[in-house]
1. Might you check whether a residue that is of a type in the set (D, E, K, R), surrounded by fewer than 16 Cβ atoms within 10 Å (Cβ to Cβ) and under 14 Å from the mean Cα position of the chain (by Cα) occurs anywhere in segment 88-97?
2. Just checking, how many residues over segment 30-64 are touching a strand residue (DSSP E or B) at 6+ places or on another chain (Cβ under 6 Å) and not in a helix (DSSP H, G or I)?
3. Determine if segment 69-78 includes at least one residue that is touching a Phe, Trp or Tyr at 6+ places or on another chain (Cβ under 7 Å), at pLDDT 95 or above and more than 25 Å from Gly137 (Cα to Cα).
4. Kindly list the number of the only condition in (1) surrounded by 13 or more Cβ atoms within 10 Å (Cβ to Cβ); (2) closer than 15 Å to Val10 by Cβ that fails for Gly50.
5. With respect to the numbered conditions (1) surrounded by 14 or more Cβ atoms within 10 Å (Cβ to Cβ); (2) farther than 20 Å from Ala9 by Cα; (3) within 15 Å of the chain's Cα centre (by Cα), which one is the sole condition not fulfilled by Pro126?
6. Restricting segment 9-40 to residues that are under 17 Å from Met78 (Cβ atoms) and among the small types (Gly, Ala, Ser), which is surrounded by the fewest Cβ atoms within 10 Å (Cβ to Cβ)?
Amino acid sequence: MQRFAVIPAVYLLLVRGRAERREILLQLRAGTGFMDGYWACGAAGHVELGESLAEAAGREAAEELGISDLALRPLCAMHRVQGDDPIGHRVDYFLLADAWRGEPRIMEPAKCADLQWFELSQLPEPVVPHELTVIEGLRSGTVPPIIDIGPTAG
């Protein structure tokens, strides 16, 4: 069996409100070459060498949204397999934040066409599919600690 390196990614789900009025911040991807035209988590990106998950989430939040001092909680991990190429094997970590400093805004307009709050019960379409899996779990209150997506999952 061939071994390969997996680059971890961190996804930041910013939420506000309570009960039926709970909202999530989503960005409309543009100009990235991956899932452009889809709504996605407020901030996300690869974990860089030497970074912890929390440090990566903080860096991405600052770079993409202009916010800091996140109150982070781990939500789940996801293993995704897309095709036979090792680059299609992904490990994603989803972190939840319900408090931060600053007002989220578009910091990378070349990669983000829009940024909006949506009620969890009224999500836009389309949402990046693997991210939608986690967001729907958040909405229903049933996010498993580990999610496996791919040809041999389950």
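The values are calculated or read from the model by the stated rules, or taken from the named source; none is laboratory data. In this text, all values refer to a predicted model and were calculated from it rather than measured experimentally. Because the Cβ atoms are built from the backbone with ideal geometry, glycine has one as well, and the counts that use them run over all protein chains shown.
1. Initially, segment 88-97 is screened for residues of a type in the set (D, E, K, R), giving 90, 92.
Now restrict to residues that are surrounded by fewer than 16 Cβ atoms within 10 Å (Cβ to Cβ): none.
No: segment 88-97 contains no residue that is of a type in the set (D, E, K, R), surrounded by fewer than 16 Cβ atoms within 10 Å (Cβ to Cβ) and under 14 Å from the mean Cα position of the chain (by Cα).
2. Summing the residues that are touching a strand residue (DSSP E or B) at 6+ places or on another chain (Cβ under 6 Å) and not in a helix (DSSP H, G or I) in segment 30-64 gives 12.
3. yes
4. Going through (1) surrounded by 13 or more Cβ atoms within 10 Å (Cβ to Cβ); (2) closer than 15 Å to Val10 by Cβ one by one, Gly50 breaks only (1).
5. Of (1) surrounded by 14 or more Cβ atoms within 10 Å (Cβ to Cβ); (2) farther than 20 Å from Ala9 by Cα; (3) within 15 Å of the chain's Cα centre (by Cα), only one is false for Pro126: (1).
6. Ala9
Residues checked against (1) in contact with a strand residue (DSSP E or B) (Cβ under 7 Å, 6 or more places away or on another chain); (2) at pLDDT 95 or above; (3) over 20 Å from Arg90 (Cβ atoms):
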| site | (1), (2), (3) |
| --- | --- |
| Arg3 | no, no, no |
| Leu12 | yes, yes, no |
| Arg18 | no, no, yes |
| Leu28 | yes, yes, yes |
